[in-house]
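Only the coordinates and a few stated rules stand behind these numbers; no lab work does. All values derive from a computational prediction rather than experimental measurement. Glycine gets a Cβ as well: all are built from the backbone with ideal geometry, and neighbour counts include every protein chain shown.
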Amino acid sequence: MNYFTKISGWLLFFTGFLIIISTLWYSYNIFSAKAGIPDFFQTPKAVKNASTTIEGQELDALLQKSIESQLKGLLPVDLITKSLDLTAWAIIALILMSGGSRISDLGIKLIKIGQEKNNHV
């Protein structure tokens, strides 16, 4: 039983360590532009109407289209989507690294328990 706790402790330690390292490696690849940001959000597709007559369009629709065209001139189309994707990845990476830390901590505790059993016997 003593060897089982030591071996499972080492396995948990290295599993948590591997989760942390792989998350950091993928984050490094994202920020060095070797890998793309995972797509969590998508940009809405522009829908074009067949009729472009002013009589068929309401005033609200014209106002909305003029605001959209002005905003497209100020901000790139993918700026909001990419920043949301990057924020979502940062949150997921934080969760993964926190989980990896907890798993490694559990492995360290099991290793210590296995060593204490060896010292007492």
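Tabulated data
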{"item": "Gap separating the Cα centres of segment 9-30 and segment 56-110, nearest whole Å", "result": "24 Å"}
{"item": "Option label - Rg/Rh (Cα atoms, Kirkwood Rh) computed here, alternatives (i) 1.49; (ii) 1.27; (iii) 1.38", "result": "(iii)"}
{"item": "Residues S27, S98, S32, sorted so that the one with the fewest Cβ neighbours within 10 Å comes first", "result": "S32, S98, S27"}
{"item": "Leading residue at positive end of dipole, the chain (Cβ point charges), from A90, L71, L106", "result": "L106"}
{"item": "Exposed-site-free run, longest, the chain (rule: chymotrypsin sites (Phe, Trp or Tyr not before Pro); DSSP loop; at most 16 other C-beta within 10 Å)", "result": "42-121"}
{"item": "Axial C-alpha extent at least 15 Å, average Kyte-Doolittle at least 0.5 - helices from the chain (DSSP)", "result": "2-31"}
{"item": "Extension gain, L94 back to F14 (0.36 nm per residue minus Cα-Cα distance, nm)", "result": "27.0 nm"}
{"item": "Size of electric dipole in the chain: Cβ of Lys, Arg +1 and of Asp, Glu -1, about Cα centre, debye, nearest 20", "result": "720 debye"}
